[in-house]
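Okay, so here's the structure we're looking at.
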Amino acid sequence: MKVILIDPGFGGQIFSTFGKSHWSSVIHHGLCSISAYGKSKGFSDIELIDLRMLKGWNHFKEELKKKNPDVVGITMRSCDFNVVMKSVGIIKEVNKQIVTIVGGVHPTVAPDEVAGNEKIDHIVIGEGEISFLKLLQDLEVGRTNNRIIIGEKPELDDLPFDDREIYNYRVTLNLVSYPGVMNPPMVTMIGQRGCPFNCTFCAPHAQTMFGKKIRVRSPIHVIEELKELRNRYDFKSIKFYDYTFTMNSKWVFEFCEMYRQAGFKADIMAQSRADLICRDEPLLKTLRETGLKLMLVGFESGSQRVLDRLRKGTTVEQNLEASRLLKKYGIMVGGSFMLGSPGETKEDVRATVDLVKAMRPHFTSVAYFTPCPGSALYEYCKEHDLSLLESYDDLVTYAPGKPKIRGIDYAILDQATEEIMGTRFGGKIIGKLMKFIYIRTKKMLKIRHFLVYCYSCWVGSWLYRRIQH
């Protein structure tokens with residue numbers, strides 16, 4: 001049985017974008033895991049079509065004809081909705097007998113909407129490894145199956161290591177996040193699934209897909225995969241995608257000990273929350289000694305009122321303390337902030353600007369609130385007729401482009417973002433330079449936030465290294 005998996009890109013970043021930047025070339029670990037699991041159970045003929053590596057829809061059609069699959073599996077985030085729907089139509093146009101299977105975040109949060117497309121034969125809700133395999137096994141022997149299938153949660157240590165080779169992985173390795181700080185080759189890693197927190201704004205995949213209870217791979221399972229990757233790619237840095245890397249202190253201490261014993265020297269980048277960082281100072285010391293170079297933290301706001309409305313579960317004081325502690329141990333701070341959530345006032349925005357000035361993170365990412373399907377605030381915006389989104393294509397938060405919800409003065413948000421960009425690097429001359437870059441780029445380019453963010457990260461990394469030397 002010939003199986004093709006499709007990576008639809010991310011938020012319109014398709015066709016001739018692969019290899020152009022880190023974000024346009026990241027691998028989809030879910031597809032890698034599904035491929036690895038299927039191959040480990042006897043389905044050896046599994047390949048990937050990555051739309052980012054193709055020239056256009058005609059090229060996609062040619063690839064389908066050439067590969068002649070029996071089954072095509074596509075992952076879908078909400079921002080990929082239109083791309084996936086068009087892909088399914090082309091698949092059936094090429095051969096009506098091809099079985100189409102769609103899974104991922106959007107089918108999980110909006111299965112009825114996806115089911116409205118009759119060209120989709122099966123929909124997998126939740127985690128896909130076990131259910132996708134069982135569906136292949138049923139199709140192979142002619143057994144019928146339900147159109148909508150509820151995914152089973154696997155034991156993470158029972159899964160084989162991700163099949164990264166379905167991608168052009170050696171290209172991706174050399175496109176790092178935060179170039180100049182994190183060195184290529186860079187590998188990405190996932191050590192846990194699930195999220196116990198209740199943020200109302202959050203993209204729902206961590207919790208809706210994987211559940212509120214965090215499930216972790218054993219430290220040795222992660223270390224063994226890293227050993228395999230070291231032998232194959234000799235990587236110099238690691239990026240953990242886990243949203244709450246420091247949630248389980250015991251796990252992290254064990255991982256750090258095994259990491260050092262295995263002789264790894266690669267720098268580490270991870271993500272966590274302010275409250276988790278504040279609760280365990282000795283863990284930060286151990287992480288830095290192990291190689292943690294950069295911690296990304298979703299601070300979100302400098303207004304306690306906004307943090308409470310977002311149900312973030314953190315305080316402004318914890319935000320400041322987390323930044324202080326990370327810097328104390330020589331860990332660079334990457335701060336994420338969100339402006340424009342429902343009910344946010346001019347005073348709330350000012351409080352966030354003041355927090356960034358007081359905190360002075362090494363890197364700052366500013367995004368405008370976008371109602372994500374499956375989140376509590378998405379339902380709130382629907383109920384109160386606040387959403388201005390005309391298409392799922394508008395969900396890409398890196399490129400606000402136009403207002404997302406009613407009741408927000410976006411001119412104030414733009415001014416605040418300009419001020420943040422002008423102060424994040426500390427020095428007056430550098431600050432004015434970054435503000436100038438932001439304003440000029442904003443006037444010239446619709447996707448200003450994404451491009452300025454990438455460019456300013458590069459400039460900031462270069463400046464940081466120059467100062468260090």
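What follows is calculated from the coordinates using simple rules that are stated; it is not laboratory data. From a predicted model like this one, the values you see are computed outputs, not experimental measurements. Using ideal geometry, Cβ is built from the backbone for each residue, glycine included, and neighbour counts are taken over all protein chains shown.
Applying a 10 Å radius around every beta-carbon, put 272-285, 381-394, 108-121 in order of their mean neighbour count, most first.
Numbers: 272-285: 18.7, 381-394: 14.9, 108-121: 16.4.
In descending order of packing, they fall as 272-285, 108-121, 381-394.
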Tell me, how many Å apart are the Cα centres for segment 344-368 and for segment 1-74?
-> 38 Å
Once a ≥ b ≥ c are taken as the square roots of the eigenvalues of the Cα gyration tensor of segment 44-125, is the result rounded (a/c under 1.5), prolate (a/b larger than b/c) or oblate (a/b not larger than b/c)?
-> prolate
Sort 45-53, 354-362 for me by packing, meaning the mean count of neighbouring Cβ atoms within 10 Å per residue, highest on top.
-> 45-53, 354-362
Check the straight Cα-Cα distances from residue 328 and name the lysines below 21 Å, setting aside those fewer than 8 residues away within the same chain.
-> 285, 293, 357
Which aspartates and glutamates have a Cα less than 15 Å from the Cα of residue 41, not counting those fewer than 8 places away in the same chain?
-> 129, 138, 140, 158, 162, 163
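Only bridges whose two residues both fall in the chain count here: according to DSSP, what percent of them are antiparallel, nearest 5?
Numbers: 4 of 49 bridges.
DSSP beta bridges in the chain are roughly 10 percent antiparallel.
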Taking a straight Cα-to-Cα line shorter than 17 Å from residue 212, and setting aside same-chain aspartates and glutamates fewer than 8 residues away, one finds 127, 152, 155, 242
Could you give P(r) for segment 74-114, binned at 5 Å from zero, as whole percent values over all Cα-Cα pairs?
-> 6, 24, 33, 21, 12, 4
Using the Cα gyration tensor of segment 1-62, with a ≥ b ≥ c the square roots of its eigenvalues, what is the shape: rounded (a/c below 1.5), prolate (a/b larger than b/c) or oblate (neither)?
-> oblate
Charges only on Cβ, +1 for Lys and Arg, -1 for Asp and Glu: so what's the dipole of the chain about the Cα centre, in debye to the nearest 20?
-> 1660 debye
So if R0 is 30 Å, what FRET efficiency would residue 388 and residue 321 give, r being the distance between their Cβ atoms, rounded to the nearest 0.05?
-> 0.25
So what's segment 130-269 giving for Cα Rg divided by 2.2 N^0.38 Å, two decimals?
-> 1.22
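Which shape class applies to segment 3-156: rounded if a/c is under 1.5, otherwise prolate when a/b exceeds b/c and oblate if not, where a ≥ b ≥ c are the square roots of the Cα gyration tensor eigenvalues?
Details: a/c = 1.35, a/b = 1.29, b/c = 1.05.
It is rounded, given that a/c, with a ≥ b ≥ c, falls under 1.5.
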So between residue 224 and residue 354, what do we pick up on full extension, going 0.36 nm a residue minus the alpha carbon distance?
-> 42.4 nm
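Take the Cα gyration tensor of segment 85-166, multiply each eigenvalue by 5, square-root it, and list the three semi-axes largest first, rounded to whole angstrom.
Over the Cα atoms of segment 85-166, the ellipsoid semi-axes are 22, 16, 14 Å.
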Which entries of 153/382; 39/66; 119/153; 86/119 show an alpha-carbon separation above 19 angstrom in the structure shown?
-> 153/382; 39/66; 119/153
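So for each of 237-250, 26-39 I average, over its residues, the number of other beta carbons within 10 Å; can you give me the resulting order with the highest mean first?
Values: 237-250: 19.0, 26-39: 21.7.
Answer by packing, highest mean first, reads 26-39, 237-250.
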Can you pull the three principal axis extents for the Cα set of the chain, in Å, largest first?
-> 67, 55, 38
